[in-house]
Amino acid sequence: MTAKNLRADAEGGQYLSFLVDNEEYAVDILRVQEVRGWTPVTRIPNSPGYLKGVLNLRGAIVPVVDMRERFGFPVRTYDPTTVVVVVKVLTQDRERVMGLVVDAVYETYHIAPSDIRPAPEVGTAISSDYIGGLAAIEERMVVILDIDRLMNSRELAVEPALVD
Amino acid sequence: MSIDLSEFIPVFLEESFEGLDTMESCLLELQPGDMETINTIFRAAHSIKGGSGTFGFDEVGRFTHELETLLDKMRNGQCEVTPDRVALLLSSVDCVRSLLVSASEGGEVDRSQVEEVERQLVAVVHGDEVSTLADSSASAPDEGVVDGGDGWRIRFTPDPGLLMSGNDPMLLFRELALLGPLEINLLTDALPALDNLDPTELYLAWELTLSAAVDETSIREIFEWVEDDCELILEPFTAGTTGAESGQTWDITLRPDADFLVTGNDPLLLFRELAELGALQVLLDSENLPALDQLDPVELRLNWHMTLHSACSEADIRAVFDWVDDQCELIITPVGGSPNPESAGTAGGAQPLISGEPISSAPAASEATGDQILPPSAPAGAPKSAVKSDTKPAAKAPAGRSGADSSSIRVETGKVDALIDRVGELVITQAMLAQVCEQLSDIDHPAVEQLLAGLGQLERNTRDLQEDVMRVRMLPISFVFNRFPRVVHDVSSKLGKKVELLLKGEQTELDKTVMEKIGDPLVHLVRNSLDHGLETPAERFSVGKPETGQVLLNAYHEGGYIVIDISDDGRGLNRDKILGKAVEKGLVSADANLAPHEIDELIFLPGFSTADQVSDLSGRGVGMDVVRRNIESLGGHVSVHSVPGEGSRFSVRLPLTLAIVDGQLVRLGQDTYIVPLVSIVETIKASDSMLTALGGSRCLLRFRGEYLPLVNLRELFELDGPPADIAEHLIVVVENAGQKLGLIVDELMGQQQAVIKSLEVNFKRIAGIAGATIMGDGGVALILDVAGLMGVALDPELASAARRRSKQEGLDQ
């Protein structure tokens, strides 16, 4: 970790970054519950490919999403560095715990809000809807994800109660 | 200073609703003169009133105040317990409940009903009760009703700690004096000797005479802040007559053993307790006191004669002496029928107390008088044991009751669920260790053997622990049964039927979640039995049955299920009428040849109701089918058994818990799924001759004379793997709400109990999946929801084709 990252900054927060198809993404570290190695999951019927299934996290049933497939990157077979980042996602009035399958965990950063630039309309592999901002760290571009929007999109969304 | 009380409101509400339940059940079993029960009811009402005031539910508080006043009168014996008044109290309980609900959750209260009940309460409290409850001609509450006659006698006995809480009796008296001329008498009976006196405690009591025609409420209001810290007795009087009409004078003689004080007893405490029962006068009899030089300071040589004017029973008095009854001689005798006005009224000094008998008589003399007035059960100079055996039963009963109350604690269900999760994890860890250890078992080392033995013990302990933890969620079904005395009471009086309700197996336990959902279906079944099953007294009499009909609720365990039977000894189901109605409504064809029990089953069909008249009790046409649907949604089953003229029995069979399901493990491709055993009719291996192709991959299964639609689960769930060759596959026949369906699976595995976990917590509901469970290896298996699956998988075309074919088959035969 660089000296710059370690310097305590009154503003801004810590972010955990991970690699998906050699691109670096980051999430607010306060949302990360734990990082664990990949273990086989139980498939959910009639679900999209990126939803790998559910796993048992100390008694809780947690859905696991493959970030490569979610973003449309080429599929890669899971290897020992493949990890599941378990995050807390805010959904309507409750908090869901979900797992993100990523290639590897990379780094933790301290990023001041002033260093975060808004997402451009075009030019990234994923929809700007799910990007909370971009941060340049030592010549590298880190995409900060808005996981609440990402994990409540499409099939992951909790339908309104009336829809049966 | 402001404290946020709102966080205590849910606790208050929960306790209040419990209090109301207690009041209700006590009222239903209330017998005149049953002081303990009235006290229980009173206490419940009192705490609701207190809480309502604190939390600002003023309407509830005001209403409960009237209720409490009436109860207080019943407690003091100023007001008799009659069936009419019990009914009034029951409707008051309902009012308080609806007021509380509306105060906490909003919503409308039937104001007119509340006002009507309140008016009746006030009327009863003030003595101008009307004979029937429905009579609306009684006077309004605020008509300036004065029930105090010409004034009030108030006996105010504060707790010793009253001053510590900052209260000052003088201020109270000053306020009282504002109401009218006040005469104050100080009672110093309880004042201890100077060297025992604790200056911070209050040993005094007062007897106040307020000569003003005010109502009781305005006096009680003055004492409102101290009413928990004192004993307050209000008695109205009219000039010329004194004393209450009810109550009785008791003559009590206490002759303690010489070593009475050695064991820590204190007569003064006893007297203070007695004084709480009513107006007490104590006279010391020092006849036995030896000369000073012979006196042993640790021995007690004194006797007392007391006169108690109170509405209490002998048992109440004996209860005060419960702790000392084997160390003293106790003689309790009622004096005459009419109370002595003086003893009830002012502390009137030293007039002769009872019928002129000398009080400070020599021991011999008092024994002689005892001979005349003692009841036969306790002869004079009686052996102590006789008195003792008399006392025990009365005093022990309440003690037992309070013991049961304190042996339970209130725990959030969330905490219990977390505990269950934790234990589940422990079971999985244990299973994992056992697997690892299996690989070690070839190694010949003494430590391995010890390890294996230890793991065996761990397995037993974890299994026991899991069972115990699951049992924490279990509650006795009496929680549900308790509401039925009220239901039967209300419904039978409305229907004019005489009904005796019998409850059996109230201690049978089942899961709280099931309990919460089974109440309404059971109420419906009981009402149905009362309405349709039981005959009117006249009808019963004419067929030679006792006029009082019986309804029996019986709960028992049967192989992992709880069965609740609701039986009556009424007329039984009228099969001709049922069949006629079913044909009329087109539910069965007129030429159908149905067995008796099949006819009985027709009452569970949607839209079926045989009531000639639609009453508000049952017969709204949403009857039995809703009951059946609700019970089946809990994974249960309801059936009926009826004998014409002898009665009918509804049996409700329910799983003990919704948290655990007995499941059949099936394999689909690589994955394991669980089919709840309750839904499974049969599992079969299909052969070509049983299958009827319908074009495409769709297929019908001929199964026991009917055609069932078949669903290939692997296809339905879009699981990969080679296309299934149906003929070689196993089929699980499942049923829900009368519809059967064949599910094609790859392999049948074992059966096991599964703890159901919701997918919704971290994900969302998935059609056809009831939830997930964690397997012994730590993996997750999905549990099928057969009802939901039918909605998703059942092709209407396929289902109707199956029905058509089944019908054809039926006709061919």
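What follows is calculated from the coordinates using simple rules that are stated; it is not laboratory data. None of the values given here were measured: they were computed from a predicted structure. Backbone-built Cβ (ideal geometry, glycine too); neighbour counts: all protein chains shown.
Each part gets one Cα centre, and for region B:416-482 versus region B:514-533 those centres are 39 Å apart. Note on chain A: dipole from Cβ charges, positive end direction compared against A:Ile126, A:Val85, A:Phe71; the farthest Cα belongs to A:Val85.
Is there a simple number for the mean count of other chain Cβ atoms within 10 Å of the Cβ of residues in B:776-786, and what is it? Intermediate results must be reported in sequence, preceding the final value.
On the way: counts 0, 1, 4, 7, 12, 3, 7, 0, 1, 0, 0.
Across B:776-786, the average partner-chain Cβ count within 10 Å equals 3.
Going by average Cβ density within 10 Å per residue, which order do the peptides A:107-120, B:248-261 take, highest to lowest? Present the calculation step by step, with values, prior to reporting the outcome.
Working: A:107-120: 15.4, B:248-261: 19.9.
Answer by packing, highest mean first, reads B:248-261, A:107-120.
The charge dipole of region B:417-572, taken about the Cα centre with unit charges on the Cβ atoms of Lys, Arg (+1) and Asp, Glu (-1), comes to about 1080 debye, rounded to the nearest 20. Of the peptides B:798-804, B:741-747, the order by per-residue mean of other Cβ atoms within 10 Å, starting with the highest, comes out as B:741-747, B:798-804.
Quick check for me: using +1 on Lys/Arg Cβ and -1 on Asp/Glu Cβ, what's the dipole size of region A:3-163 about its Cα centre, in debye to the nearest 20? If you can, show how the numbers build up before the last one.
On the way: 17 positive and 23 negative charges, 110 e Å.
Dipole magnitude for region A:3-163 comes out near 520 debye.
Exposure proxy for A:Met141, A:Met98, B:Met470, B:Met170: other Cβ atoms within 10 Å of each Cβ, ordered fewest to most, give B:Met170, A:Met141, B:Met470, A:Met98.
Put the Cα centre of region B:487-506 next to the Cα centre of region B:149-165 and the gap is 44 Å. Extending 7 Å from the Cα toward the beta-carbon at both B:Glu183 and B:Ala315 defines two label points whose distance is 3.8 nm. Put simply, when B:429-441, B:547-559, B:43-55 are sorted by average Cβ atoms within 10 angstrom per residue, most first, you get B:43-55, B:547-559, B:429-441. Spin-label pair B:Asp168-A:Val158: with each label point 7 Å from Cα along the Cα-Cβ axis, the two points sit 5.8 nm from one another. Computed from the C-beta positions of B:Glu287 and B:Leu503 and an R0 of 56 Å, the FRET efficiency is 0.50 to the nearest 0.05. Neighbouring Cβ atoms from other chains, within 10 Å of the Cβ of residues in A:58-68, number 4 on average.
With r defined as the distance between the Cβ atoms of B:Glu715 and B:Arg410 and R0 fixed at 51 Å, what FRET efficiency is calculated, to the nearest 0.05? If you can, show how the numbers build up before the last one.
Working: r = 50 Å, r/R0 = 0.98.
The formula returns an efficiency of 0.50 here.
Run the paramagnetic zone check for B:Val298: 7 angstrom along Cα to Cβ, then residues of region B:244-287 with backbone nitrogen under 15 Å. The answer is B:258-265, whose backbone nitrogens lie closer than 15 Å to the label point.
Over 21 Å between Cα atoms: which of B:Lys494/B:Lys577; B:Lys415/B:Lys757; A:Lys52/A:Lys88; B:Lys494/B:Lys517; B:Lys498/B:Lys545 fall into that group?
On the way: B:Lys494/B:Lys577 25 Å; B:Lys415/B:Lys757 16 Å; A:Lys52/A:Lys88 18 Å; B:Lys494/B:Lys517 26 Å; B:Lys498/B:Lys545 12 Å.
Violating the 21 Å Cα-Cα cut-off are B:Lys494/B:Lys577; B:Lys494/B:Lys517.
Normalised by the number of residues in chain A, what is the relative contact order in percent for Cα pairs under 8 Å and 6+ residues apart?
Numbers: 296 pairs, mean separation 41.8, N = 164.
Relative contact order here is 25 percent.
Of the residues A:Gly13, A:Met98, A:Thr108, the one whose Cα sits farthest towards the positive end of the charge dipole of region A:3-163 is A:Met98 (charges of +1 on Lys and Arg Cβ, -1 on Asp and Glu Cβ, taken about the Cα centre).
So what's the net charge close to B:Ile674: Lys and Arg +1, Asp and Glu -1, counting the other residues with Cβ under 13 Å from its Cβ? If you can, show how the numbers build up before the last one.
On the way: positive: B:Arg667, B:Lys757; negative: B:Asp662, B:Asp671, B:Asp785.
Surrounding charge for B:Ile674 is -1.
The label-point distance for B:Ser542 and B:Asp159, in a model that sets each label 7 Å from Cα toward Cβ, rounds to 6.2 nm. Centre-to-centre separation between the Cα atoms of region B:625-670 and those of region B:723-784: 19 Å.
Other residues whose C-beta falls under 13 angstrom from the C-beta of B:Val298 contribute a net charge of -3, scoring Lys and Arg +1 and Asp and Glu -1.
Taking 0.36 nm per residue of separation and subtracting the Cα-Cα distance, full extension of the segment from B:Arg43 to B:Glu584 would add 189.2 nm. Per-residue shielding of B:707-718, expressed as the average number of other chain Cβ atoms within 10 Å of the residue Cβ, stands at 1.
Suppose R0 equals 41 Å; then what is the FRET efficiency for B:Leu194 and B:Thr429 from their Cβ-Cβ distance, rounded to the nearest 0.05? Walk me through the numbers on the way to the answer.
Values: r = 70 Å, r/R0 = 1.70.
Using R0 = 41 Å, I get an efficiency of 0.05.
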